[in-house]
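The values are calculated or read from the model by the stated rules, or taken from the named source; none is laboratory data. Just so it is clear, the model here is predicted, and its values are computed rather than measured. Every residue, glycine among them, receives a Cβ derived from its backbone with ideal geometry; neighbour counts consider all protein chains shown. For the accessible areas, the whole protein counts, side chains as well, though only heavy atoms, and no ligand, DNA or RNA atoms are used. Shrake-Rupley method; radii C 1.70, N 1.55, O 1.52, S 1.80 Å.
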Amino acid sequence: MLSTLRKAGSLARAASAGQRRFLSIHEHQSMTLLNSYGIPTPKSIAAKSPEEAFEVAKNFGASYLCQERLVIKAQVLAGGRGKGKFDNGFQGGVHMVDSPAQAQEIASKMIGSSLITKQTGAQGRLCNAVMLAERRQPAHEYYVAVLNDRASQGVVLVASAQGGMNIEEVAAKDPDAIITTPIDFANGLSKAEAIGVAQKLGFKDEKTQSDAADIFINLYRIFKEKDATQIEINPMALTTDGEVLCMDAKFGFDDNAEFRQKDIFALRDISQEEPSEVRAQKANLNFIKLDGTVGCLVNGAGLAMATMDVLSLHGGQPANFLDVGGGATPETVKEAFEILLEDPKVKSIFINIFGGIMRCDYIAEGVIKATKELNLKVPLVVRLKGTKEQEAKEMIRESGLKIEAFDSLDEAAERASRLAI
């Protein structure tokens, strides 16, 4: 189950880069999607400017603000927002507000600044909007998720009565606290099955059991109908006034379904993504930015992973995963070089090509063109094997450029690693 409740690291993402499956949407967009399927949430409205935040808070009504303060949340695609810090020094991405003026003031410190959390890295992520939501008091918090489960090779509903906390830690410390229910892909959850889960979670009366069950059923409807890869509600709450609400939501969607989920993919916010990855995607390059100093240009995801392993074996650290695929052209290779060189940490570039479908002479032409046009200063190590290998090597020799060519993968990786020191 821990593998199902996964945390994807950089290399795990890289391994699946050929089939990207990680579109995420903002919290306010998730709330709108939940509501469209009849799933109850606290009332919430997004604002994209401090002035708009003022009007949103004002429209909640003075009577509401007198009784309960609103919650204002920075809309960035990262966890740990409440404990985060903005690059302008403002502390925290989640605050309580008790007046429209205060909502405007806090929004002015959030919008246009980058929020740095434990998940964003030092550069943080730009906050383009805030969400104002009514504050609802939970009597108890639960965790609910709909996921693809590798063990059962199907979809499961994962639930726990220990919500509002890191579910991986709960699963590690108390595996029995996790309730896993397989879902029939075609038919979904029956009402009886869903009520059974609600009862196991500790809902006492028929109304709250039925309300929780309806949420479980409709979450799976979203999962199936919208080609989701993950839906995580943490927490789902039973409020002090007896309502069952989804207080926070995290969605992931299958990028391969973009052609039939136009409404979902229209929600994509590229300001939350690594710019080099966005650029690479437009050029049909599978690229994941990492933290090392050796830029990698490889064809094939498997060879790219092996290249990174061999670099690490020789003391090098890959700066990226980059698979140019089997249909790369000289122009594509030049684009790949430009993306690699945008990273100031790159101290050497290692090109490792096995020419099966991909022709080595195309790679060589692109390398020579990029080296000349970009006035390349970074040391370049090349290993070319396979189709049109000899022609490619001859092109490199005749170019007169300072390109170090190797036949051995070990020798090439060792050289690239040393040059990056």
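Any residue in the range 273-290 that's under 21 Å from GLN119 (Cβ atoms) and β-branched (Val, Ile, Thr): show its pairings with residues that are at pLDDT 85 or above and not in a helix (DSSP H, G or I) at Cβ separation under 6 Å, as long as the two are six or more apart or on different chains. Listed by first residue and then by second, the contacts come to ILE288/PHE321. Cβ separations smaller than 9 Å between residues 6+ apart or across chains give the following pairs from the range 150-171 residues that are open to solvent by 10 Å² or more (accessible area, probe 1.4 Å) to residues that are among the basic types (Lys, Arg) and in a loop (DSSP other than H, G, I, E, B): GLU168/ARG6; GLU168/LYS7.
The number of residues in the range 107-166 being acidic (Asp, Glu) and either over 30 Å from THR181 (Cα atoms) or within 17 Å of the chain's Cα centre (by Cα) (or both) comes to 1. In the range 172-189, of all residues being in contact (Cβ under 8 Å) with a residue 24 or more places away in the chain and not hydrophobic (A, V, I, L, M, F, W, C), the one that is farthest from THR208 (Cα to Cα) corresponds to PRO175. Screening ASP263 with (1) under 29 Å from LEU219 (Cβ atoms); (2) more than 12 Å from the chain's Cα centre (by Cα); (3) surrounded by 13 or more Cβ atoms within 10 Å (Cβ to Cβ); (4) not hydrophobic (A, V, I, L, M, F, W, C) gives one miss only, at (3). Among the residues making up the range 387-421, those that are among the basic types (Lys, Arg), buried (at least 17 other Cβ atoms within 10 Å of the Cβ) and within 39 Å of the chain's Cα centre (by Cα) are LYS388, ARG415. Does the range 306-320 contain any residue that is open to solvent by 10 Å² or more (accessible area, probe 1.4 Å), without any contact (Cβ under 8 Å) to a residue 40 or more places away in the chain and touching a Lys or Arg at 6+ places or on another chain (Cβ under 9 Å)? For the range 306-320, residues open to solvent by 10 Å² or more (accessible area, probe 1.4 Å), without any contact (Cβ under 8 Å) to a residue 40 or more places away in the chain and touching a Lys or Arg at 6+ places or on another chain (Cβ under 9 Å): absent. Say whether the condition of being over 12 Å from CYS296 (Cα atoms), hydroxyl-bearing (Ser, Thr, Tyr) and part of a helix (DSSP H, G or I) is met by at least one residue in the range 353-370. Yes, because at least one residue in the range 353-370 is over 12 Å from CYS296 (Cα atoms), hydroxyl-bearing (Ser, Thr, Tyr) and part of a helix (DSSP H, G or I). Against the conditions (1) open to solvent by less than 60 Å² (accessible area, probe 1.4 Å); (2) assigned to a strand (DSSP E or B), where does HIS140 fall short? Just the number, please. For HIS140, the failing item is (1). Whether a residue is among the acidic types (Asp, Glu), in contact with a helix residue (DSSP H, G or I) (Cβ under 7 Å, 6 or more places away or on another chain) and either under 25 Å from CYS246 (Cβ atoms) or surrounded by fewer than 21 Cβ atoms within 10 Å (Cβ to Cβ) (or both) was assessed, and ASP98 passes this test. For the range 172-181, the set of residues classified as open to solvent by 40 Å² or more (accessible area, probe 1.4 Å) and either closer than 23 Å to ILE222 by Cβ or of a type in the set (Lys, Arg) (or both) consists of LYS173, THR180, listed by residue number.
Of all residues in the range 151-171, those satisfying the criterion of being out of contact with any Phe, Trp or Tyr (no Cβ under 9 Å at 6 or more places or on another chain) and in a loop (DSSP other than H, G, I, E, B) are ALA151, SER152, GLN153, ASN166. When ALA12 is tested against (1) at pLDDT 90 or above; (2) under 30 Å from ASP255 (Cα atoms); (3) in a helix (DSSP H, G or I), exactly one condition is not met: (1). Of note, ASP361 does not satisfy the criterion of being among the acidic types (Asp, Glu), in contact with a strand residue (DSSP E or B) (Cβ under 8 Å, 6 or more places away or on another chain) and open to solvent by 10 Å² or more (accessible area, probe 1.4 Å). Are any of the residues in the range 66-87 in a helix (DSSP H, G or I), β-branched (Val, Ile, Thr) and either at pLDDT 95 or above or farther than 29 Å from LEU290 by Cα (or both)? No, the range 66-87 contains no residue that is in a helix (DSSP H, G or I), β-branched (Val, Ile, Thr) and either at pLDDT 95 or above or farther than 29 Å from LEU290 by Cα (or both). Filtering the range 194-229 to residues that are in contact (Cβ under 8 Å) with a residue 12 or more places away in the chain, out of contact with any strand residue (DSSP E or B) (no Cβ under 7 Å at 6 or more places or on another chain), within 20 Å of ALA177 (Cα to Cα) and open to solvent by 40 Å² or more (accessible area, probe 1.4 Å) leaves only ILE195. Looking at the structure I just gave you, is THR329 open to solvent by 10 Å² or more (accessible area, probe 1.4 Å), touching a Leu at 6+ places or on another chain (Cβ under 8 Å) and free of Cβ contacts under 8 Å to residues at least 60 places away in the same chain? The answer is no for THR329.
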